[in-house]
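Reviewing the structure listed below.
Quick note: the coordinates plus some simple rules give every number you see, no bench work behind them. Predicted model, so just to flag it, every value in this text is computed and none were measured. Backbone-built Cβ (ideal geometry, glycine too); neighbour counts: all protein chains shown.
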Amino acid sequence: MSTKPAIRPSASLIVAAPMPKEEVRDGTNYRILMMKRNAKSSFINAHVYPGGIVDKADHYSNWIDGKLANEKEGYMLTNKICAIRETFEESGLLLTTPPSNTIKELDVNEWKHKVHQDASQFKV
């Protein structure tokens, strides 16, 4: 008798960006970010939205002081943090409000590697 693998909490992010008017084709005026999985990963060469498994460093209690209204709100915040972290880790796109240019282009790959090795490095 085989056992089913446990479902692991995970999050993905669909990133859409407007296109310049001169690039609009067939009424589509936006681009969607998708990543191509490498040949050594699961889902070989598949095109996927950035995302991955929730890490303990993503837990909302590591990011806010005080309590939230309820556990559902905390669960949602944890998943948002995971999706943003995974998007940076996989694509180098850092989503912040306001937009941030704090990481020099040459440092992005170094930080992506650091975050991949240890998700707690994402919190600066």
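Descriptive notes on the structure:
- The numbered conditions (1) part of a loop (DSSP other than H, G, I, E, B); (2) over 18 Å from residue 122 (Cβ atoms); (3) under 18 Å from the mean Cα position of the chain (by Cα) are all true for residue 75 except (1).
- Of all residues in region 1-60, those being under 17 Å from residue 93 (Cβ atoms) and of a type in the set (Ser, Thr, Tyr) number 3.
- No other residue among 83, 57 is under 25 Å from residue 7 (Cα atoms), touching a Lys or Arg at 6+ places or on another chain (Cβ under 9 Å) and assigned to a helix (DSSP H, G or I) apart from 57.
- Qualifying residue in region 26-37 (condition: of a type in the set (S, T, N, Q) and part of a loop (DSSP other than H, G, I, E, B)): yes
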